[in-house]
Amino acid sequence: MSNKIGQITGRITTSNFKFIVSGDVRKWDYVQIQHKEVGPVLAQVVEIERQESTVADCIIIGFRTERKFLRRPRTPLEPGADVFIAEDELITKTLGLIKGGLYLGLLEGKSSIKSFLDPEKLLTKHLAIIAKSGAGKSYAVGVLLEELADKGFPIIIIDSHGEYSSMKYKNNFPDDKKYLDLYGVKPKEYADKIKEFSINTQINPETTQLKLPFPNTPFEIVESLPLKLSNSQKGLLYSAINELRDQKAHFDFEDIVSFVNLTETNAKWGLISAIEALQKTGLYSMNPTEINELISPGQMTIINLKGSSPDLQETTLASLAIKLFEQRKLGNIPPFFLVIEEAHSFCPERGFGEARSSKIMRAIASEGRKFGLGLCVISQRPARIDKNVLSQCTSQIVLQVTNPNDLRAISASFEGVRGETESEIRSLPIGKALVIGGADWPTFVDIRVRKSSHGGRAESMVFDSDDEELNKLMEKGELSYAFKPRITKKDISIMEDAKVKEAKLVLAPILCVNGKKAEKIFYLVFNLLKSEVLYLNEKLTSLPIPMNLAKLSPMQKKVMNAISTSTKSTAAEVMLKANMTFGEAEGVIASLSKSGLLRMSGKEIVLPDNIKIFVHLDQLSFPERADYIDLPGEKLKQAIDEKEILTFLKELGFEVTNQRLGWLPCWLVTFEDNSTIIKDALGWSLKL
């Protein structure tokens, strides 16, 4: 028997009890108690309170019968009964953690127990993966896809943002290496299992063009068009297609356009425009992609929709899903698993509109399991998914969710989500998930490290200053918007000539700004320890912000604009460009020269380099991107008010679309002679 941690006290029912804690116990720990009729019973700690003594509140999970059914005792446990930390074998047996299934990670608080998802349940009980943005949703999906691929399941993934192409490559991310042994996995690439198709091969050049069968009925064409037709346009289209079907065995979009163009009605122009737009996509063909190219044993098919309009994405999924479902019903393709990213866009709840793909999604959710078609819907907004689809997903992987509407949708749709579980979902750390349906009891799981490369990392992340949930996490100190360190403490010792006594990570305050000027988009980074802009010019460079550039009179602005359009100017040229008299131009040039915003070289007017770079903001656009990460280190106090910088940018004609206070990680290095320097932790040279 395991170590004793307490004794039962107070009111006892067949589903709940409390015990006085005498050992080390935490919330969600598994405990066991000997029942006089059925033997050892498994329970779980759901709350701990401390007054005069520490008391743990438990819910009884139960025991296994001889026929392997999970049951609760029909009589309460004995008052004063001893409570023990549950043994691994009892936990595994009682929860029904089937070894050899889909390995998701480790049972929360039990690094010795692996958590598996029964693959058969995915085909008989559809799966929903729910999490707020940034909580590790796509990472968890990648883990599931790796497991399915390793088992040889045919998979087709509707990938809205091109996140899963990276599974072709091994996980070589340095931070993940130390966790591989912990979770018992090895890096692996899946290039030999993956086939990738897309609509837009210009944006996704490594993919194969997806070709769908030409829609040769009026209904199919209406459903495919990227806009809704009026009744007169529908009538015109039906008439054209019926006429063409009488004349030709096969016809194409050009035939339809030619026929419609001959009619004498203004309704034809919108219809022609819509048909031509559909034709330009190249999505439909008389020689479509063979169905066996999409679904094959052991194959992972990615439909990469990156770069396609929402309407076209809906049309693609609708057409593809209808075809796949038909072929599966006929037994022409093997059972497969259909994974839908951004499911709220493809099957929205009725109050949020109707997508072209809604109808087939509802059909697959309700009938797919009978034909061996497993469905996985993935979303950060479960409240916006059709409730009929969501309620059919009786297996769930739920990561952190904080939106009250989404939490209500989860509670309403998923069995096993209790009140205390709902509150726990709010505060789940990144990478930890509540798994429902994978075992016979909801479990919390630490999602394992990926074998393959993860495509949703920092380079694809864009911040949004209106994201309240991310703001709350940052206020709590759980996440920092920062550049990820690349230089370790060990690297510092190797790089420096002098002997390093100590290296301490500190975080310098920065302001990151998204915006545009003259239709050009920029990402700017400012140092808030000083009034400086940071930019990369072979190395990380800091440049003082010329605040007086934002305090120009209208006449001075005219002159600066005139000078900025040429590499060199004279007073006479400025006079003509700024539409001034020669005397006015000379006077303004003299005042600007005195303030240091320009200088004279003989008769030529020259912009100093530190001014020129602010006039041409494209030179300042930062190529790297910060990310939301858990970053330790002492945060240095902000010295510059970010409002001053934002005002400065506005005066320069820079339109700020998003802004975020963040951190630049730096090493505060102390040498044996007690001298110190600050070096940035990204591999560049910086003097703060």
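Every read-out reported here was derived from the displayed coordinates using simple, explicitly stated rules and does not represent laboratory data. Owing to the predicted nature of the structure, the values given are computational and were not obtained by experimental measurement. Note that each Cβ is placed from the backbone with ideal geometry, even for glycine, and that neighbours are counted across all protein chains shown.
Out of the stretch 268-361, which GluC sites (Glu not before Pro) are coil in DSSP terms and have no more than 10 other C-beta atoms within 10 Å?
E290
Please compute, for the alpha-carbon atoms of the stretch 315-365, the extent along each of the three principal axes and give them in descending order in Å.
Each principal axis gives a Cα extent; for the stretch 315-365 these are 36, 18, 16 Å.
Provide the gained length on full extension for the span F219 to D630, in nm with one decimal, where the gain is 0.36 nm per separating residue minus the Cα-Cα distance.
Length gained, F219 through D630: 142.8 nm.
For the pair K359 and F173, how long in nm is the line joining their label points, each one 7 Å along Cα→Cβ?
4.1 nm
Could you list which residues have their amide H under 5 Å from that of A86, counting only those 5 or more apart in sequence or on another chain, with H placed in the peptide plane?
Residues meeting the amide H criterion: Y30, V31, Q32.
DSSP loop GluC sites (Glu not before Pro) in the stretch 43-98 with at most 10 other Cβ atoms within 10 Å of their Cβ, which ones?
E52, E66
With just the Cα atoms defining each centre, how far is the stretch 59-93 from the stretch 296-345? Give it in Å.
43 Å
For the pair E206/W28, report the inter-label distance in nm, with labels modelled 7 Å from Cα in the Cβ direction.
Going by the 7 Å Cα→Cβ label model, 3.5 nm.
In µm²/s, what is D for the stretch 1-61 at 20 °C and 1.002 mPa s, where D = kT/(6 pi eta Rh) by Stokes-Einstein and Rh is the Kirkwood radius from Cα pairs?
183 µm²/s
Straight distance only, please: which lysines reach the Cα of K211 with their own Cα at less than 19 Å, same-chain residues fewer than 8 apart left out?
The reachable lysines, counting only those whose Cα sits under 19 Å from K211, are K195, K280, K306, K323.
Out of S160, L122, A56, whose Cα points farthest toward the positive end of the dipole of the stretch 12-160 (charges: +1 Lys, Arg; -1 Asp, Glu; placed on Cβ)?
Farthest towards the positive pole: L122.
First measure r as the distance between the Cβ atoms of K329 and E87, then evaluate 1/(1 + (r/R0)^6) with R0 = 41 Å and state the FRET efficiency to the nearest 0.05.
Rounded to the nearest 0.05, the efficiency is 0.30.
Roughly speaking, what is the stretch gain from K36 to F371, that is 0.36 nm per residue apart minus the C-alpha to C-alpha distance, in nm to one decimal?
Full extension of this stretch gives 116.0 nm more.
Amide H neighbours of I194 under 5 Å, at least 5 residues apart or on other chains, H built in the peptide plane: list them.
M300
Say R0 is 30 Å: what FRET efficiency, to the nearest 0.05, do K501 and A191 get from their beta-carbon distance?
For K501 and A191, the calculated efficiency is 0.05.
Describe numerically, in nm with one decimal, the distance between label points set 7 Å from Cα along Cα→Cβ at D181 and at N231.
Between D181 and N231, the simple spin-label model gives 7.4 nm.
222 nm [θ] for the chain, helices only, -39500 (n - 2.57) per DSSP H run of 4+, per residue, to 500?
Computed mean residue ellipticity for the chain: -9000 deg cm²/dmol.
Would you please give the FRET efficiency between Q51 and E120, computed as 1/(1 + (r/R0)^6) with r the Cβ-Cβ distance and R0 = 56 Å, to the nearest 0.05?
0.75
Name all residues of the stretch 327-364 having a backbone nitrogen under 19 Å from the label point set 7 Å from the Cα of N405 along its Cα→Cβ direction, giving them as ranges.
342-355
Under 22 Å Cα-Cα from K551, which lysines qualify once same-chain neighbours fewer than 8 residues away are excluded?
Those lysines meeting the cut-off are K516, K517, K530, K577, K594, K612, K643, K650.
Explain nothing, just compute: Karplus ³J(HN,Hα) = 6.51 cos²θ - 1.76 cosθ + 1.60, θ = phi - 60°, for every residue of the stretch 15-21 in order, whole Hz, x for Gly and Pro.
With coefficients 6.51, -1.76 and 1.60, one gets 10, 9, 7, 10, 9, 7, 7 Hz.
Over the Cα atoms of the stretch 213-285, how large are the radius of gyration and the largest Cα-Cα distance (Dmax), in Å?
Just the Cα atoms of the stretch 213-285 yield Rg and Dmax of 11.0, 31 Å.
Could you go through the stretch 343-349 in sequence order and give the Karplus-derived ³J(HN,Hα) for each residue, using 6.51 cos²θ - 1.76 cosθ + 1.60 with θ = phi - 60°, rounded to whole Hz, and x for Gly and Pro?
4, 5, 7, 9, 9, x, 4
For the stretch 150-249, which GluC sites (Glu not before Pro) are in a loop by DSSP, counting at most 10 other Cβ atoms within 10 Å?
E206
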